[in-house]
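K.L.:
Below is a structure I'd like to ask you about.
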Amino acid sequence: MKSLPENIQGVLFDLDGTLLDSAPDLYAALLLQCEEEGVAAPAYAPVREVVSRGSREILRCGFPGRDQAGIQDLVPRYLRLYEEVMAQKTRPFDGVVELLGMLEAQGLAWGIVTNKPGFLTDELVRRLGWSGRARAVVSGDTLAVKKPDPAPVFLACEQAGLDPARCVFVGDDHRDVLAGAAAGLYTVAVSWGYLDGGNPWQWGADAVLDHPLQLAELLQLRPVPA
């Protein structure tokens, strides 16, 4: 585990699979679309594993016989269905609420860099009550590129007024580590997320953690009094 930079200013997080367990609602939207199309619903486990890859990969689990164009045709309806059920079963992972509170109590900024479309990201963050708390929110369509390109990470640092060399990027996907490292941040891979079938220990992250509160320990954050 690599040593942290001195005087950390803030932490940027991936959203789905890192801060939030959103797979149940993403799966529920897929079930609704399978029902509309009259096809058998897939099992939950393989869908959960590919959540980090986005709507097209989720749809391939339910419609394996469709070609690329056929999958693309399904995307708009899937996103509408997901917007309807979004946040019904989505919850922060155990320890995330406490972690964010500790970051704020210690005066550290936190933000979100996700590949999720902006209209869904903004609404989900609003429904969670995080709109006024996250110092930066960069979505998959905020720029012309998305993770693993470092540009969204640079933009989030700019929005939050952070020096990339004094920030941490936390994610559950190899693309998070690649984007964070290319932007010069200290990278943390987490094992509690979706992982896209990968092994976080093999991604070259500066640290690998198994629970959100281990990040609090790494950053030496003090518990927030009840």
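The values are calculated or read from the model by the stated rules, or taken from the named source; none is laboratory data. In this text the structure is predicted, and so the values were computed from the model without any measurement. Using ideal geometry, Cβ is built from the backbone for each residue, glycine included, and neighbour counts are taken over all protein chains shown. The accessibility values were calculated without ligands, DNA or RNA, using every heavy atom of the protein model including side chains. Shrake-Rupley method; radii C 1.70, N 1.55, O 1.52, S 1.80 Å.
K.L.:
Every residue in the stretch 179-217 that is assigned to a helix (DSSP H, G or I) and open to solvent by 40 Å² or more (accessible area, probe 1.4 Å), please. Explain how you work it out, then say what you get.
P.N.:
Our first condition is that a residue be assigned to a helix (DSSP H, G or I); within the stretch 179-217, this holds for 179-182, 195-197, 200-202, 212-217.
Ala181, Ala182, Asp196, Gly197, Trp201, Gln202, Leu213, Gln214, Glu217, listed by residue number.
K.L.:
Does Pro42 meet the test of being at pLDDT below 95 and more than 26 Å from Leu155 (Cβ to Cβ)?
P.N.:
Criteria not met by Pro42.
K.L.:
Same structure again: With respect to Pro164, determine if the residue is without any contact (Cβ under 8 Å) to a residue 24 or more places away in the chain, in contact with a Leu (Cβ under 6 Å, 6 or more places away or on another chain) and either closer than 18 Å to Gly10 by Cα or crowded, with 16+ Cβ neighbours inside 10 Å (or both).
P.N.:
yes
K.L.:
Can you find, within the stretch 134-161, the residue that is most open to solvent (accessible area, probe 1.4 Å) among those that are over 14 Å from Thr114 (Cα atoms), part of a helix (DSSP H, G or I) and not aliphatic (A, V, I, L, M)?
P.N.:
Here the answer is Glu158.
K.L.:
When you go through (1) outside any helix (DSSP H, G or I); (2) open to solvent by less than 10 Å² (accessible area, probe 1.4 Å) one by one for Gln33, which number turns out not to apply?
P.N.:
Gln33 satisfies all of (1) outside any helix (DSSP H, G or I); (2) open to solvent by less than 10 Å² (accessible area, probe 1.4 Å) except (1).
K.L.:
Checking Arg66 against (1) in contact with a Leu (Cβ under 9 Å, 6 or more places away or on another chain); (2) assigned to a helix (DSSP H, G or I); (3) free of Cβ contacts under 8 Å to residues at least 60 places away in the same chain; (4) not β-branched (Val, Ile, Thr), only one condition comes out false. Which one?
P.N.:
(2)
K.L.:
Can you report the number of residues in the stretch 91-117 which are open to solvent by 30 Å² or more (accessible area, probe 1.4 Å), touching a residue at least 24 places away in the same chain (Cβ under 8 Å) and assigned to a helix (DSSP H, G or I)?
P.N.:
Count: 3.
K.L.:
If Asp176 passes every condition in (1) part of a helix (DSSP H, G or I); (2) more than 16 Å from the chain's Cα centre (by Cα); (3) buried (at least 18 other Cβ atoms within 10 Å of the Cβ) but one, which one does it miss?
P.N.:
Asp176 satisfies every listed condition except (2).
K.L.:
Sticking with this one: Listed residues Gln88, Gln9, Gln33, Gln72; which is polar (S, T, N, Q), over 22 Å from Arg175 (Cα atoms) and free of Cβ contacts under 8 Å to residues at least 24 places away in the same chain? Break it down stepwise before answering.
P.N.:
On the way: Gln88 fails: free of Cβ contacts under 8 Å to residues at least 24 places away in the same chain; Gln9 fails: free of Cβ contacts under 8 Å to residues at least 24 places away in the same chain; Gln33 fails: free of Cβ contacts under 8 Å to residues at least 24 places away in the same chain.
Checking each option against the conditions leaves just Gln72.
K.L.:
Could you list, in sequence order, the residues of the stretch 36-63 that are open to solvent by 60 Å² or more (accessible area, probe 1.4 Å), within 19 Å of the chain's Cα centre (by Cα) and touching a residue at least 24 places away in the same chain (Cβ under 8 Å)?
P.N.:
Arg48, Glu49, Arg53
K.L.:
Another one. Return the pair list, or none, for Cβ contacts closer than 9 Å from residues in the stretch 118-133 that are open to solvent by 80 Å² or more (accessible area, probe 1.4 Å) to residues that are small (Gly, Ala, Ser) and modelled with pLDDT of 95 or more, at least 6 apart or on different chains.
P.N.:
Phe119/Ser139; Asp122/Ser139
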